[in-house]
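In what follows, a structure is listed as structure tokens, so that the remarks can point back to it.
Read-outs throughout are calculated quantities, based only on the coordinates presented, and are distinct from any laboratory measurement. Quantities reported herein were computed from a predicted structural model and do not represent experimental measurements. Cβ placement follows ideal geometry from the backbone for every residue including glycine, while neighbour counts extend to all protein chains displayed.
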């Protein structure tokens, strides 16, 4: 199967070192796709108003990077929940409402979409179990990370051999929130004040979603890291919901982060 030129996924050294040849992953950018206009590049968002045929072609390109047909690319209808979908060898293309996927089946590509929210890829190469989670503020706060780890353990993973890496997402320097947002977090845990810093706008704060996500992963007992990329500032490589909102554009594209257990030789 030919791999289209131009794809430029980010590879985490931490995840690669933990996975070896057993697992392949990529945090895909917007480079290398066929979409045009405000969706220019590798827009994989079925919920966007992009031309459907272009979205499907972009998804096929991602699958082919893993050596798979598009039918092996598993995604979910993301709803900012803590819910996890377990993908088996009988996967038939369903997209249930959930925000994470796990599998122990080689050859299935798990993908989560984002455009500022946090894409987290999980790997346990020793026990050959993987996961992928879409962690916006709701998911990170209400447990999608922990739910993904629990679902991986149910498939045979062990907490101490799971590595999880947060990919490109909005940084604290570009995530301004209002007082109601801050209060929601502090009501759950006053210690979460550490993830907010003063904004130049009165009664507002800057929110460190990346820091919160990494801390939740570490507290859950897995090896955790971040790639450190900010989707808001790097327009050439990333779609950004917040950037689109500030520009009052009508819609936005979504990039994908994906992971696969390689088939045994």
- Query: Which order do 251, 21 fall in if you start with the one that has the fewest other Cβ atoms within 10 Å?
  - Reply: 21, 251
- Report the relative contact order of segment 126-265, percent, no decimals, based on alpha-carbon pairs under 8 angstrom and at least 6 residues apart. 28
- Hey, what did the chain get for relative contact order, percent, Cα under 8 Å, at least 6 apart? 24
- Query: Okay, helix-only estimate at 222 nm for the chain: each DSSP H run of n ≥ 4 adds -39500 (n - 2.57), divide by all residues, round to 500 deg cm²/dmol; what do you get?
  - Reply: -7000 deg cm²/dmol
- Task: Match the structure shown to one of the listed values (1) 0.96; (2) 1.01; (3) 1.21 of Cα Rg over 2.2 N^0.38 Å, computed from it, and give that label.
- Result: (1)
- Message: Can you order the peptides 91-98, 235-242, 103-110 by their average number of other Cβ atoms within 10 Å per residue, highest first?
- Response: 103-110, 235-242, 91-98
